[in-house]
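Bear in mind these aren't lab numbers, they're just calculated from the coordinates by the rules spelled out. This structure is a prediction, so every number in the text was calculated from the model and none was measured. Positions of Cβ are generated from backbone atoms using ideal geometry, with glycine treated the same way; all protein chains shown enter the neighbour counts.
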Amino acid sequence: MDKPVVIFGAATLSELVFEILTAQNRKILGTTADLIPAVFSEQSKFLGLFSELKLDFEKVDFCVCIGDNRGRMQVMNRILSMGGRITNAIHPQSFISNSSNIGYGNIFFPFAYVGSRVSMGNGNVVFPFASVTHHTNIENYVFFAPNSSIGGHSDIGSFAKFGMNATVPANSQVPSDTHVKPGYVFGGE
């Protein structure tokens, strides 16, 4: 049985992920962050600052909702070092092939597509209509904006960021920390 979820993050991404977790029928305890948010989400109760939480980390899952790739990694590592567990947020209307292997802490929005034999690490964010096709290796903490498209047999390094409508043709090698701007095509055969 799934554990209740604490959302780390108090900005727009956390509100969007609240909806994904609700669609998964996950119980959400509330949100936490390092700073008190300027605007509180009407959807989720703010539990207080992360440093002041009084939770048994073995009884909850965390979902880290930070848009910045390195910031997401730092928070996930902190939670893991404290004995916490990071869960995936997978909207029921996303598609992830049964032959794909995904890590933890990934967020899949409605209509995100992950094809066959994709290997995906941890802490990735895949927005609506983003497509990662067959036999592709995605490392960790990669951000796929809406409608970004990754061709088959490609390798994507950690901390890469793909803007809206960014395209990576098949058989491409995208180095870590690469930012493919909206509408641009990177690499190729």
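Between the alpha-carbon centres of region 78-121 and region 126-188 there is a gap of 16 Å. Proximity of backbone amide H atoms, modeled 1.01 Å from N, is registered between Ser148 and Ala130, Ser131, Asn165, Ala166 at under 5 Å, excluding neighbours fewer than 5 places apart on the same chain. Computed from backbone phi with θ = phi - 60° and the Karplus coefficients 6.51, -1.76 and 1.60, the 3J(HN,Hα) list for region 19-27 is 5, 5, 5, 5, 5, 7, 6, 8, 7 Hz; x is used for glycine and proline.
Rank these for me by crowding, Ser100, Ser116, Ser148, going from fewest to most other beta carbons within 10 Å. If you can, show how the numbers build up before the last one.
On the way: Ser100 19, Ser116 13, Ser148 23.
Ordered from fewest to most neighbouring Cβ atoms within 10 Å, Ser100, Ser116, Ser148 come out as Ser116, Ser100, Ser148.
May I ask you to sort His134, His91 by Cβ crowding, counting other Cβ atoms within 10 Å and putting the fewest first? Each step should come with its number before you reach the end.
On the way: His134 17, His91 22.
Exposure proxy ranking, most exposed first: His134, His91.
Near the amide H of Ser172, within less than 5 Å, lie the amide hydrogens of Ser154, Asp155, all on another chain or at least 5 residues away, with H placed in the peptide plane. Scanning residues 5 or more positions from Asp61 or on other chains, those with amide H under 5 Å from its amide H are Val5, Val6, with H placed 1.01 Å from N in the peptide plane.
Taking every lysine pair in the chain that is 8 or more places apart or spans two chains, those with Cα atoms closer than 22 Å amount to 10.
Extending 7 Å from the Cα toward the beta-carbon at both Lys27 and Ser176 defines two label points whose distance is 3.9 nm. Each Lys or Arg adds one and each Asp or Glu takes one away; over the other residues whose Cβ falls under 10 Å from the Cβ of Cys65, this sums to 0.
What longest region of the chain stays clear of trypsin sites (Lys or Arg not before Pro) that DSSP places outside H, G, I, E and B and that have at most 16 other Cβ atoms within 10 Å? Longest stretch, sites excluded: 118-189. Only the Cβ atoms of Lys and Arg (+1) and of Asp and Glu (-1) were treated as charged; on that basis the dipole of the chain about its Cα centre amounts to roughly 180 debye.
Go ahead and estimate [θ] at 222 nm for the chain from helices alone: -39,500 (n - 2.57) per DSSP H run with n ≥ 4, summed, over the residue count, rounded to 500.
Details: 2 runs with 25 residues, N = 189.
About -4000 deg cm²/dmol.
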